[in-house]
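Read the structure below first, then the notes.
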Amino acid sequence: MPDKLTSSEPASAAVTETQQATSAARKIYPIVKYGDPILEKPGAPVKKFDAELEQLAEDMFASMYAAQGVGLAAPQIGKGLRIAVVDVTGGKNPEAKIVLANPEIVHAEGEVREEEGCLSIPGFRGYVLRPQFVTIKAQNAKGETFEIRGENLLARAFCHEIDHLNGILFLQHLSMLKRDLIKRKIKKLRKQGEW
Ligand SMILES: [Zn+2]
């Protein structure tokens with residue numbers, strides 16, 4: 001029964017792949033820094049929800065934890081795709097891992113002005129006004145649509161990552177004075193080969 005034999009091969013290959021996806025060492029991507037044009041371009045919608053996308057999401061979590069961040073968007077690893085990962089517990093609680101594919105804000109409420117940073121702009125922080133509560137509609141890595149409400153840091157992380165997917169950096173929310181100051185310092189670092 002050659003048919004059965006050939007059809008069982010991909011199935012067992014898929015099992016091996018799944019096992020690897022959960023247990024194998026993850027790929028740690030280097031984080032793209034401010035100045036790379038990909039950070040200021042809107043990402044393309046995620047259309048293909050497959051094993052590759054699930055692997056990308058897990059690699060993004062691993063890369064984010066390695067960089068000690070609470071959120072990471074695909075443009076920050078050089079991929080122009082509308083997918084981001086968020087975990088405000090820093091990997092302490094597996095249930096706090098959130099994959100946001102094609103996310104959008106459906107409701108925002110309140111305002112909080114808090115200091116914010118970005119893995120792509122290391123060493124610089126600034127006060128950014130964000131909603132206190134947001135409700136996000138997104139798809140997970142399997143393509144299932146869900147809604148999630150975030151408060152304070154989680155709301156901030158959602159907004160920050162959705163900004164990334166739209167090519168917007170937190171610098172754009174700062175006063176022109178503060179933004180120019182940071183940009184000048186980065187330019188200087190770049191000249192010294194430290195950026
Ligand atoms: Zn960022």
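The values are calculated or read from the model by the stated rules, or taken from the named source; none is laboratory data. No experiment lies behind these values; they were computed from the predicted model shown. Counting neighbours? That spans all protein chains shown, and the Cβs are built from the backbone with ideal geometry, glycine included. In case anyone asks, the SASA skips ligands and DNA or RNA and just uses the protein heavy atoms, side chains included. Shrake-Rupley method; radii C 1.70, N 1.55, O 1.52, S 1.80 Å.
Peptide packing for 144-155, 52-63 was compared via the average number of neighbouring C-beta atoms within 10 Å per residue; ordered from the highest value, the list is 52-63, 144-155. Compared with the dominant Cα axis of the chain, that is its longest principal axis, helix 176-191 is turned about 70°. Counting only protein heavy atoms and a probe of 1.4 Å, the accessible surface of the chain is 53% carbon and sulfur. The equivalent ellipsoid that matches the C-alpha gyration tensor of segment 114-195 spans semi-axes of 29, 15, 9 angstrom, in descending order.
Any lysines with Cα under 25 Å of the Lys185 Cα? List them, leaving off those in the same chain fewer than 8 positions away. Candidates past the 8-residue exclusion: Lys33, Lys41. Between the helical axis of 51-66 and the longest alpha-carbon principal axis of the chain there is an angle of about 40 degrees.
Rank Asn140, Ala157, Ile168 by how far each Cα sits towards the positive end of the charge dipole of segment 135-179 (+1 on Lys, Arg Cβ; -1 on Asp, Glu Cβ) and give me just the farthest. It is Ile168, whose Cα lies furthest towards the positive end.
3J(HN,Hα) couplings calculated from phi for segment 89-96 with the Karplus curve 6.51 cos²θ - 1.76 cosθ + 1.60 (θ = phi - 60°) are, in sequence order, 8, x, x, 6, 10, x, 6, 8 Hz; Gly and Pro show x.
Taking all protein chains into account, the per residue accessible area for the chain stands at 57 Å² (1.4 Å probe). Each Cα pair of segment 43-169 feeds into the Kirkwood radius, which the Stokes-Einstein equation turns, at 20 °C and 1.002 mPa s, into a diffusion coefficient of 148 µm²/s.
Dipole magnitude for the chain: about 1100 debye, using +1 per Lys or Arg Cβ and -1 per Asp or Glu Cβ, origin at the Cα centre. Measuring from label point to label point, each 7 Å out along Cα→Cβ, what is the Gln172 to Gln68 span in nm? Simple spin-label model gives 2.9 nm for this pair.
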